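Let me begin by presenting the structure, written as structure tokens, before commenting on it.
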Amino acid sequence: MEKDTLLKYLKFLKTECLRHQKDKIITDDEINQLKIEVQNFINRIDKSSFSKEIKLEISKIDFNLNEENHNHSKFKVFKVIGGFQGKEFKEQENRKQRFLKLYNDLDTSLFKIKTIL
């Protein structure tokens, strides 16, 4: 993988996160597709000849899309009142927050990697 490809891949992942984060509904299929892209990216980085510093910076990115409770407790009322709809709403908000966090992590790492390169 070349330097330009690395930067383009990071920008692509960042754009995908922002796009999904702005969707009304984030489906399991969208999450799975992004997980596949992330896994391909990580595999390519592992096989690349980039410096340990760049690989370390990429390893700091939290790609876990299954993490919960990014929306903390502000939607607890929906759990009690809304039943299934409240649960769906909470799940979607959780997913949006997770994509936003990943977007921010990618943005920060992209900046740091550009300074290293």
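None of the figures in this text is laboratory data; all of them are computed from the coordinates on show. All figures in this text were calculated on a predicted structure; none of them were measured in a lab. Note that each Cβ is placed from the backbone with ideal geometry, even for glycine, and that neighbours are counted across all protein chains shown.
Results, tabulated for the structure shown:
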item: Trypsin sites (Lys or Arg not before Pro) within the range 6-70, DSSP loop, no more than 12 other Cβ atoms inside 10 Å; result: Lys24, Lys60
item: Proxy reagent accessibility, fewest Cβ within 10 Å first, across Asp28, Asp62, Asp107; result: Asp28, Asp62, Asp107
item: Two-site label geometry, Thr108 and Lys52: point separation in nm, points 7 Å out along Cα→Cβ; result: 2.3 nm
item: Computed lengthening from Lys35 to Leu100, 0.36 nm per intervening residue step minus Cα-Cα distance; result: 21.9 nm
item: Residue-by-residue Karplus 3J(HN,Hα) for the range 95-111, coefficients 6.51, -1.76, 1.60, Hz, glycine and proline x; result: 5, 4, 5, 5, 5, 5, 5, 5, 4, 5, 4, 5, 4, 5, 5, 4, 4
item: Of Lys60/Lys87; Lys22/Lys96; Lys3/Lys55; Lys3/Lys52; Lys55/Lys112, pairs whose Cα-Cα distance is over 19 Å; result: Lys60/Lys87
item: Inter-part distance where the range 85-117 and the range 15-34 are each reduced to a Cα centre, Å; result: 11 Å
